[in-house]
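The values are calculated or read from the model by the stated rules, or taken from the named source; none is laboratory data. Everything numeric in this text was worked out from a predicted model, so none of it was measured. With ideal geometry, Cβ positions are generated from the backbone for all residues, glycine too; neighbour counts draw on all protein chains shown. In case anyone asks, the SASA skips ligands and DNA or RNA and just uses the protein heavy atoms, side chains included. Shrake-Rupley method; radii C 1.70, N 1.55, O 1.52, S 1.80 Å.
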Amino acid sequence: MTTEMQEIAITEEKPLLTGQAESKDVELAARILLDQGQEHSIETPHGVLHVTLHGTRTTRRPAILTFHDAGLDSKSCFSPLFKFEEMQEIVKNFTVIHVDAPGQEEGAASYPSGYQYPTMDIIADMLPSVLQFFNFRTVIGVGVGVGAYILSKFALANPDSVEGLVLVNIDTNARGWIDWAAQKLVSVTSSLTEQIMSHLFSQEELSATTELVKFHRERISKASNLVNIELFWKTYNSRRDLNIDRNSTFKCPVMLVVGDQAPYEEAAVECNSKMDPTTTSFLKMADAGGLPQLTQPAKLTEAFKYFIQGMGYMASSCMTRLSRSRTTSLSSSYSMDGSRSRSRTLSQGSQGGQMPPSSSQTMEVSC
């Protein structure tokens, strides 16, 4: 009797174990697919763009479209931020489109000698094809360094396609003769890797040789598409002025972000002085270097939530880290023409209580 019962138990357990294993395999596969995203090669009038999409392609809201910095690709520039736990509240409500500049994606084949790399203007002109491919009418742009410059070009040329811009380490100016001469000297005395590292990180960060700095120095120096990276870098250094001022600027809300120890702090401050103060907020992050989206994802996520709320989205979103901070001072306001009201002022003192509206457009984050 004991033997028969054991045989029956074994027979019944097998399909249950198999079913559980299959279920776990399906869940794991779905999770991996979600993390990796859907990769696309999109034909544009000026060449092919590599794009990675995360989400369901719902077009009821604008997509979040990102563009990376020189020496980085969409994964190394944005994955830590968009995989950050508190960013998931945003990610689940928006489709995210990560765009790689031509030849910059991981594993890209090197361009042949003499290849004419597209200019910053041409790369910006490639982005409308991405929106058309996914059937999105508008986007919220998130750009870092070179990517911030390209998205600015895109927004100025296509104001109806951009609902908001988050620009990290933006430099709107072309290189002057002095800068050009200095760059020529640096190119002779420094390797391409070190030039880009000085663009991405502050001198303090480079001197400290943190793990992040070590990782990116090794990643860039050993990149299989280093030729492409150099072409992208040289093209950026040949950029033109954006020619923005308070009378001729972006038609959407803009959040400028820079670390207080970043190489482009002065450039970001100058850009802020040219912007329309009624639609612009300036976030200077304390104790942050050149890549705040990698070193301070919690602060940037919270500021991004405020920014989206100011545009009229995610009104019920919970504020967590910054709203708890005793040393945070936030002040921002946005106004746009249109049927949806998009004005919001947030200012928080030491006790986290709501304060009267402030005319200041600067966010000083010291948490």
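For this structure, a couple of remarks:
- Number of residues in region 108-137 that are in a loop (DSSP other than H, G, I, E, B) and in contact (Cβ under 8 Å) with a residue 12 or more places away in the chain: the value is 11.
- Flag for VAL48 being at pLDDT 95 or above and open to solvent by less than 10 Å² (accessible area, probe 1.4 Å): no
- Answer residue from region 278-307, given it is in a loop (DSSP other than H, G, I, E, B) and touching a Cys at 6+ places or on another chain (Cβ under 9 Å) and is surrounded by the fewest Cβ atoms within 10 Å (Cβ to Cβ) among those: ALA286
- Subset of region 55-77 that is on the phi > 0 side of the Ramachandran plot and touching a residue at least 60 places away in the same chain (Cβ under 8 Å) - its residue that is surrounded by the most Cβ atoms within 10 Å (Cβ to Cβ): GLY71
- Considering the conditions (1) in contact (Cβ under 8 Å) with a residue 24 or more places away in the chain; (2) out of contact with any Pro (no Cβ under 8 Å at 6 or more places or on another chain); (3) more than 17 Å from GLU43 (Cβ to Cβ), GLU105 is excluded by exactly one of them, (3).
- Of the residues making up region 75-95, those that are out of contact with any Leu (no Cβ under 7 Å at 6 or more places or on another chain) and closer than 19 Å to LEU131 by Cα are VAL91, ASN93, PHE94.
- Residues being open to solvent by 10 Å² or more (accessible area, probe 1.4 Å) and within 21 Å of PRO253 (Cα to Cα) - total across region 90-124: 3
- Failed item in (1) of a type in the set (D, E, K, R); (2) farther than 21 Å from SER110 by Cβ; (3) in contact (Cβ under 8 Å) with a residue 60 or more places away in the chain, with ARG219 passing the rest: (2)
- Residues (of a type outside the set (Asp, Glu) and over 19 Å from the mean Cα position of the chain (by Cα)) located in region 271-285: SER273, LYS274, MET275, PRO277, THR278, THR279
- Any hit, region 72-84, residues being within 23 Å of MET311 (Cα to Cα), over 14 Å from the mean Cα position of the chain (by Cα) and modelled with pLDDT of 95 or more: no
- Selected residue [at pLDDT 95 or above, open to solvent by less than 10 Å² (accessible area, probe 1.4 Å) and not in a helix (DSSP H, G or I)] from ILE140, ILE150: ILE140
- Within this structure, MET314 passes the test of being farther than 15 Å from HIS199 by Cβ, in contact with a helix residue (DSSP H, G or I) (Cβ under 6 Å, 6 or more places away or on another chain) and either open to solvent by less than 10 Å² (accessible area, probe 1.4 Å) or aliphatic (A, V, I, L, M) (or both).
- Subset of region 171-195 [aliphatic (A, V, I, L, M) and at pLDDT below 55]: ILE178, ALA181, ALA182, LEU185, VAL186, VAL188
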